[in-house]
Amino acid sequence: MSDTRKRRADSRASPPPKRPRREPQITTRSSGPVTRPRCRDCSDACKKAKRHIKESNFLCIDIPVCLLYERIPNTSQGVILSKEQRVNKKKQLQSEFLEKACGLRNSGGGILLVHLVGLSSRDRHPGKLDEFTDDLLVKLIDDGTLFVDCFTKQWLDEKKELSDYYDFISITVRPKNQSVVTANFMTKIPFDSKIEDPRASNIHGLLSTRKTFRHKAPLVRGRGRKYRLLHESRNVQHKAFKAEKGNEKKLQSLQRDIPALVQYIWKDQRLREYITSFSKLDKGGSYFFGVAEEKREYGRKKYVSIKLVDHGINLSRRDLKALKHNLIEKVQSDILCCSYDGETLNIEAHDLVVIDHHLTKDKNYVIEVAVGAVEGLVFYDARGPSSFAIKEGELKRITCCEWFNTFKAQG
């Protein structure tokens, strides 16, 4: 720690010069309050940093400290974030941070200025920001390079000329040469107990082995209530639709709002991700919505294991038809299938998935989405993998075709 830093940490020392505080503007939307990007302090900091730091690329991001420190509520303009809003906002910021760091890695490197909005001038502890950023930055290292050789953090005010900017941390992002790094592959790989994000080596393996399948058509597995015997595996996933304590109203409202229910199944309950995972398996896989895993005691020694319970979902025939139709439309609009060479495969939604329903004893419905195997890569974003570069001074998403060409070349 420098002498300057020690003096500032001393409660008896004079605080650094203060800029007029500008709180981020908060707008209330359906997804919760959203901080507007690029506040005036960020613009000023970028301009001055460009004059004193020898880097070609500069990006900036606002991160309110209230999202890093759990005990500090966001009271900006009287707005208090709920727990759900905090989670959503944090995910949004993590995505934005990852995209900007990815853009710098793919564009010769540069500086990512993190504006810790609301930071006290006497707080010099960067630990919470490290927790927020480090797991994200690791995703941008796919060649075995050490983290410390790719990224460096320091307080921006450690430079004498930038001493006014005590609430900024500068992250130096070093470039990934002659290749492309990916913020999010927008596809999943299967395990027996879960699905996960692939590593770059997994994608290289898929593209090089060019896996083929004997059984590609979707296979409906749950007819005759056979889904009750199908425990979760690489080919099977169950999702409950059962109200937990305090969650009853949300589920009741979803049953009355089919578009919202579709979005809940598609995104919140990860149907889109499981489609991409099942597509990598011979005979594909099945996703059951309305089946819960519950604990049950077995044997004389009363050990606890899992049983399947089909609560299902209570829908009218009309709403059931609308739900199945809207899910098929989601597959058609949001899923992208590409060959191993990166060419778009014109696979219709009805050929990729079959959506069936099964009646429970209580006359509710279990929804089954049977997914077929695809000889290629399936993405849950119609734009393909999420990778970025800085072009003409702006952060731009790399097209799917450009990504494939660059990614295959580095393999």
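If only one of Asp356, Asp381 is out of contact with any helix residue (DSSP H, G or I) (no Cβ under 6 Å at 6 or more places or on another chain), assigned to a loop (DSSP other than H, G, I, E, B), of a type in the set (Asp, Glu) and closer than 30 Å to Arg221 by Cβ, which one is it?
Just one listed residue meets the conditions, Asp381.
Which ones in the stretch 250-280 are open to solvent by 20 Å² or more (accessible area, probe 1.4 Å), part of a loop (DSSP other than H, G, I, E, B) and over 16 Å from Val331 (Cβ atoms)?
Listed by number, the list holds a single entry, Asp257.
Let's see how each residue does on (1) without any contact (Cβ under 8 Å) to a residue 60 or more places away in the chain; (2) in a loop (DSSP other than H, G, I, E, B):
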position	(1), (2)
Ser120	yes, yes
Lys128	no, no
Phe132	no, no
Gln154	yes, no
Asp164	no, yes
Asn177	yes, yes
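Please verify whether the stretch 78-88 includes one or more residues that are of a type in the set (S, T, N, Q), in contact with a Gly (Cβ under 8 Å, 6 or more places away or on another chain) and in a helix (DSSP H, G or I). Can you show your working first?
The initial filter retains those residues of the stretch 78-88 that are of a type in the set (S, T, N, Q), namely 82, 85, 88.
Then drop every residue that is not in contact with a Gly (Cβ under 8 Å, 6 or more places away or on another chain), which leaves 82, 85, 88.
Filter again for in a helix (DSSP H, G or I), leaving 85, 88.
Yes, the stretch 78-88 has at least one match.
Being in a strand (DSSP E or B) and either open to solvent by less than 50 Å² (accessible area, probe 1.4 Å) or aromatic (Phe, Trp, Tyr) (or both) is the requirement here; does Ile390 meet it? Quick ask: steps written out before the conclusion?
Numbers: in a strand (DSSP E or B): yes; either open to solvent by less than 50 Å² (accessible area, probe 1.4 Å) or aromatic (Phe, Trp, Tyr) (or both): yes.
Yes, satisfied.
Could you pull out the residue among Pro218, Pro198 that is open to solvent by less than 40 Å² (accessible area, probe 1.4 Å), closer than 29 Å to Thr399 by Cα and in contact with a strand residue (DSSP E or B) (Cβ under 8 Å, 6 or more places away or on another chain)?
Numbers: Pro218 fails: closer than 29 Å to Thr399 by Cα.
Criteria check complete, one pass: Pro198.
Where the second residue is in a helix (DSSP H, G or I) and the first is more than 19 Å from Tyr340 (Cβ to Cβ) and lies in the stretch 392-411, which pairs have Cβ atoms under 7 Å and are six or more apart or on separate chains?
Listed pairs, sorted by first residue: Leu395/Glu99; Leu395/Lys100; Leu395/Gly103.
Taking Lys330 as the residue in question, decide whether it is surrounded by fewer than 16 Cβ atoms within 10 Å (Cβ to Cβ) and either of a type outside the set (Val, Ile, Thr) or at negative phi (or both). Working first, answer last.
Numbers: surrounded by fewer than 16 Cβ atoms within 10 Å (Cβ to Cβ): no; either of a type outside the set (Val, Ile, Thr) or at negative phi (or both): yes.
In short, no.
So that you can scan it fast, the table gives a plain yes or no per residue for (1) open to solvent by 10 Å² or more (accessible area, probe 1.4 Å); (2) basic (Lys, Arg); (3) in contact with a helix residue (DSSP H, G or I) (Cβ under 7 Å, 6 or more places away or on another chain); (4) under 25 Å from Phe185 (Cα atoms):
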{"site": "Lys90", "(1), (2), (3), (4)": "yes, yes, yes, yes"}
{"site": "Lys100", "(1), (2), (3), (4)": "yes, yes, no, yes"}
{"site": "Leu156", "(1), (2), (3), (4)": "no, no, yes, no"}
{"site": "Glu161", "(1), (2), (3), (4)": "yes, no, yes, no"}
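Could you tell me which of the residues Val148, Val173, Val181 is within 26 Å of Leu93 (Cα to Cα), open to solvent by 40 Å² or more (accessible area, probe 1.4 Å) and aliphatic (A, V, I, L, M)?
So the residue among Val148, Val173, Val181 that is within 26 Å of Leu93 (Cα to Cα), open to solvent by 40 Å² or more (accessible area, probe 1.4 Å) and aliphatic (A, V, I, L, M) is Val148.
Specify the residue that is farthest from the chain's Cα centre (by Cα); the eligible residues are those in the stretch 361-382 that are more than 12 Å from Ser339 (Cα to Cα) and among the hydrophobic types (A, V, I, L, M, F, W, C).
The residue in question is Val366.
Conditions (1) in contact with a Gly (Cβ under 7 Å, 6 or more places away or on another chain); (2) open to solvent by 20 Å² or more (accessible area, probe 1.4 Å); (3) within 30 Å of Val309 (Cβ to Cβ), marked per residue:
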site: His350; (1), (2), (3): no, yes, no
site: Val354; (1), (2), (3): no, yes, yes
site: Ser386; (1), (2), (3): no, no, no
site: Glu394; (1), (2), (3): no, yes, no
site: Cys401; (1), (2), (3): yes, yes, no
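The values are calculated or read from the model by the stated rules, or taken from the named source; none is laboratory data. Quantities reported herein were computed from a predicted structural model and do not represent experimental measurements. Every residue, glycine as well, gets a Cβ built from its backbone with ideal geometry; the counts of neighbours run over all protein chains shown. Accessible surface areas use protein heavy atoms only, side chains included; no ligands, DNA or RNA. Shrake-Rupley method; radii C 1.70, N 1.55, O 1.52, S 1.80 Å.
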